[in-house]
Amino acid sequence: PLSEQTEVRARLITLSGLLRDQLQELARSMTFAYANNPAGNVYPRLSGAVEAFINALHRQIADIDQAAQRNSPLVSLEDLPSTSRTLQIGMDLWPQVVAELDYLLHRRIQGFDRKWRFVWGFVCVVLVGVIYLFISFYLAVMRTVQVLAGASQQLATGQLDQLIVLDNTDELGQVVRSFNHVAAALFKANQDITELNRRLEAENLRMGAELAVTRRLQEMILPKEPELQTIQGLEIASFMQPATEVGGDYYDVLQEGGLIKIAMGDVTGHGLESGVLMIMVQTSVRTLLTHRETDPVRFFTTLNRTIYENVQRMQSDKNLTLVLLDYEDGWLRISGQHEELVVVRADGRVERIDTIDLGFPIGLEQDITPFIAQAELRLDSGDVVALYTDGVTEAENAARQLYGLERLCEQIRRHCQGSARDIREAIIDDVRHHIGQHIVYDDITLLIMKQQ
């Protein structure tokens, strides 16, 4: 729903702002640490790693901003390439910080050790006090190192809520506090990502249920085998396999008061919108047939106007190719634009009928009247007619080779002496053999008609 998408985008924008605030705090903290390092050795050792971490956070923020501006909701923030990279750079940076802190601490210990020897040489009377101070400081340093080591291990295992407790107010304490801010920001970001993923998962489940309902509706309105057997003079066999949960292919065989209308269409794309448009077309075709509209110009004009208005209301860019066949006593009257019709005569001759000049895509323009035309075809006993979508001819194998129209024609010609069902099975088996284990990118629909 739009409200949930808006909420997700708002959370993404909030997350982006938090990361920007932490970046500014990190920059201020590191500047302070560099300025308060008398030896000047913190900057050359940490600046490169810190800059890489800051750049990674900038890319993360840019990806989050881009995700928030997209029309479609993000499936998972973990899919963003910058997310894993930012976390990895942060994990890589932390051991460098620990090593630098350890180095500075050891340098400080060495300094105190020199002072201790100086005091021992000049003032023996204060030896006990110096030893006491040194031991106390050393123990404090060791506790700090232990805290840093433990925190670094926890951070490396993803426990970003573990902060380092260090009361020092010098550059070491400032560096630790600056990275505590970053760790806190990362922990908050991880919590937000987890929550967003939970919401997205719930949304995906809901969308999956809606797609399942739409696909079931598609299957319910497809012609059933008993209906096909009632068509006098034609033996008909059909096949449809959507590429996703909801397909965009459309075929139908309708009979109304002696009028027989056979349809084959292909909606652009597939998914929920394509499936809904396919159902609209089926309902419109049946309605016009029920009203016994036989003129192809009026039929397509009314159908196109209905679909066009609905597409505009949906604010969609979907349209479809559609061919309609009227069958009567061995004659086929063909109108509409779709893939070529394949006709294989009983003696094996192959004819291909181009429909490019018989119509226009449905739902693309408001008025397609000037483009509508009609062709006639005489069928004799044993002749075979094949209707199909481009999911058949453009099926790819692992080598990205298309199945092709020539191969389809050859399969029909080779098996034209069999029944319509035999021809359908032979073609589908050959298409599946061609595809192999390759991905099916488009819906596959086939309708075989054989004149009795």
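So that you can scan it fast, the table gives a plain yes or no per residue for (1) open to solvent by 70 Å² or more (accessible area, probe 1.4 Å); (2) more than 32 Å from the chain's Cα centre (by Cα):
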| residue | (1), (2) |
| --- | --- |
| Ile334 | no, yes |
| Val343 | no, yes |
| Arg352 | yes, yes |
| Leu358 | no, yes |
| Ile372 | no, yes |
| Glu376 | yes, yes |
| Leu387 | no, no |
| Asn397 | no, no |
| Arg400 | yes, no |
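Condition (residue is open to solvent by less than 20 Å² (accessible area, probe 1.4 Å), in a strand (DSSP E or B) and in contact with a Lys or Arg (Cβ under 6 Å, 6 or more places away or on another chain)) applied to the range 413-421: is it met by at least one residue? Looking through the range 413-421, none of the residues is open to solvent by less than 20 Å² (accessible area, probe 1.4 Å), in a strand (DSSP E or B) and in contact with a Lys or Arg (Cβ under 6 Å, 6 or more places away or on another chain).
Contact annotation: residue pairs with Cβ atoms under 6 Å, 6 or more positions apart or on different chains, pairing a residue in the range 391-413 that is over 13 Å from Tyr441 (Cα atoms) with a partner that is open to solvent by 30 Å² or more (accessible area, probe 1.4 Å), are Cys409/Val350; Arg413/Val350. Here Asp357 qualifies as of a type in the set (D, E, K, R) and either free of Cβ contacts under 8 Å to residues at least 24 places away in the same chain or touching a Leu at 6+ places or on another chain (Cβ under 7 Å) (or both). When Asp442, Asp430 are screened for being farther than 22 Å from Leu332 by Cβ, crowded, with 16+ Cβ neighbours inside 10 Å and either among the polar types (S, T, N, Q) or within 27 Å of the chain's Cα centre (by Cα) (or both), only Asp442 passes.
Looking across the range 268-294, the residues that are among the β-branched types (Val, Ile, Thr) and modelled with pLDDT under 90 come down to Thr268, Val276, Ile279.
Note on the range 34-53: residues that are in a helix (DSSP H, G or I) and either at pLDDT 80 or above or not β-branched (Val, Ile, Thr) (or both) total 12. Here the condition is being in contact with a strand residue (DSSP E or B) (Cβ under 8 Å, 6 or more places away or on another chain) and open to solvent by 50 Å² or more (accessible area, probe 1.4 Å); of Thr302, Thr306, Thr290, it holds for Thr290 alone.
Among the residues examined, Ala426 does not qualify as closer than 20 Å to Phe239 by Cα, small (Gly, Ala, Ser) and part of a strand (DSSP E or B). Within the range 335-373, restricting attention to residues that are in contact with a Pro (Cβ under 9 Å, 6 or more places away or on another chain) and in a strand (DSSP E or B), the residue that is farthest from Asn310 (Cα to Cα) is Ser335. Can you pull out every residue in the range 221-247 that is at pLDDT below 85 and more than 19 Å from Lys261 (Cβ to Cβ)? Of everything in the range 221-247, those that are at pLDDT below 85 and more than 19 Å from Lys261 (Cβ to Cβ) turn out to be Pro242, Ala243, Thr244, Glu245, Val246, Gly247. Mind listing just one residue for me: the one in the range 17-36 that is surrounded by 19 or more Cβ atoms within 10 Å (Cβ to Cβ) and polar (S, T, N, Q) and, of those, farthest from Asp65 (Cα to Cα)? Among those residues, the one meeting the criterion is Ser29. Inclusion of Glu339 among residues that are under 27 Å from His415 (Cα atoms) and either open to solvent by less than 80 Å² (accessible area, probe 1.4 Å) or not β-branched (Val, Ile, Thr) (or both) is warranted.
The lone criterion from (1) more than 22 Å from the chain's Cα centre (by Cα); (2) modelled with pLDDT of 75 or more left unmet by Arg198 is number (1).
The values are calculated or read from the model by the stated rules, or taken from the named source; none is laboratory data. None of these values were measured; they are calculated from a predicted model. Cβ: placed from backbone, ideal geometry, glycine included. Neighbour counts: every protein chain shown. Ligands, DNA and RNA are excluded from the accessible area calculation, which covers all protein heavy atoms including side chains. Shrake-Rupley method; radii C 1.70, N 1.55, O 1.52, S 1.80 Å.
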